[in-house]
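The values are calculated or read from the model by the stated rules, or taken from the named source; none is laboratory data. Here the structure is a predicted model, which is why all the values come from computation and not from measurement. Cβ placement follows ideal geometry from the backbone for every residue including glycine, while neighbour counts extend to all protein chains displayed.
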Amino acid sequence: MFGLWRAWKRSRFEKRDLPAHWVGILEENVPFFEAFDVRDRERFLSRLKVFVWRLVWIEAGGMSIDDEVRVVIAAAAVRLVLHLDEDIYGRLSEVVVYPSHFHHPAEDSVVLGEAHAWGTVVLSWDAVVQGLKNPHDGHDTATHEFAHVLDRNSGDFNGTPELRARGHYRPWALVLSECYERLRAGKKGERRVLREYGATNEAEFFAVATEAFFERPEQMAESTPDLYAELRRFYGVDPQV
């Protein structure tokens, strides 16, 4: 019953007209938007509407949230799921946005973003903008945190999202675990394309690998071809094309 209600609500959002100024926001702030072909552009804009209008957006630390903030953050999230099931973000309910880095009271640290198990993503707006301004450095805070959301959709933050088929789990586990251990060991292939933070644990490895997959696809395909192939199969897209 809940699934039917969610599908009905999604359909209502999809039927609403796209605000004309959203395209200008995307063209000015989201470099990857221009690379979409006609079909992907239509799908992207449809899913963008659902993401923006379905979620609760919460201002924090003096942040003021307007359409630019919503659309830019949503763009980063929707790029990941453009060729995945529409309900993969079903557990996500709210996005909290700070103007800049924020303090994590439980860990006494300063962070740029985090994804919670209970359906909340917290982001630094400055970090989101900076990540999009440098689309080839393999470091994108919004992409990283929404990759964690995909990971959590399978039940836990463990570096393995819900894959497309049962037969995909074994090669995924073999390839990602091997590349993770190689990154931890400082091997040149992995270190050439992946940030060191990916060696923290399997969940961070998947998120860091996702950043590199979308921002440094040529380098990843050359340095870690097996990892690139697994991510390409999961996301259903080849960013090199």
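Numbers for the structure displayed
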{"item": "Of all residues making up segment 125-149, the number that are over 14 Å from the mean Cα position of the chain (by Cα) and under 18 Å from Arg192 (Cα atoms)", "result": "3"}
{"item": "Every residue from segment 145-156 that is closer than 12 Å to Glu114 by Cα and of a type outside the set (Gly, Ala, Ser)", "result": "Glu145, Phe146, His148, Val149"}
{"item": "Residue in segment 206-219 that is nearest to the chain's Cα centre (by Cα), counting only those that are in a helix (DSSP H, G or I) and farther than 20 Å from Arg164 by Cβ", "result": "Glu211"}
{"item": "Residue within segment 98-121 that is within 14 Å of Val56 (Cα to Cα), surrounded by fewer than 19 Cβ atoms within 10 Å (Cβ to Cβ) and in contact with an Asp or Glu (Cβ under 6 Å, 6 or more places away or on another chain) present", "result": "yes"}
{"item": "Wholly enclosed strands (runs of 3 or more DSSP E) of segment 87-199 bearing at least 2 residues closer than 30 Å to Glu27 by Cα and at pLDDT 95 or above", "result": "94-98, 120-124"}
{"item": "Segment 210-241: number of residues that are of a type outside the set (Lys, Arg), under 13 Å from Leu80 (Cα atoms) and free of Cβ contacts under 8 Å to residues at least 60 places away in the same chain", "result": "4"}
{"item": "Test result for Trp57, in the same structural domain as Lys133 (by TED's automatic domain parsing) and within 25 Å of Gly119 (Cα to Cα)", "result": "yes"}
{"item": "Looking only at segment 204-241, and only at residues there that are touching a Phe, Trp or Tyr at 6+ places or on another chain (Cβ under 9 Å) and among the hydroxyl-bearing types (Ser, Thr, Tyr), the one that is farthest from Cys179 (Cα to Cα)", "result": "Tyr235"}
{"item": "Enumeration of residues in segment 150-172 that are among the small types (Gly, Ala, Ser) and within 20 Å of the chain's Cα centre (by Cα)", "result": "Ser154, Gly155, Gly159"}
{"item": "Criterion violated by Ala115 - all others in (1) closer than 23 Å to Ser154 by Cβ; (2) in contact with a Pro (Cβ under 7 Å, 6 or more places away or on another chain) satisfied", "result": "(2)"}
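Yes/no per residue for (1) closer than 20 Å to Lys133 by Cα; (2) buried (at least 17 other Cβ atoms within 10 Å of the Cβ); (3) not hydrophobic (A, V, I, L, M, F, W, C):
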| position | (1), (2), (3) |
| --- | --- |
| Phe51 | no, yes, no |
| Ala60 | no, no, no |
| Arg70 | yes, yes, yes |
| Ala74 | yes, yes, no |
| Arg79 | yes, yes, yes |
| Leu82 | no, no, no |
| Asp85 | no, no, yes |
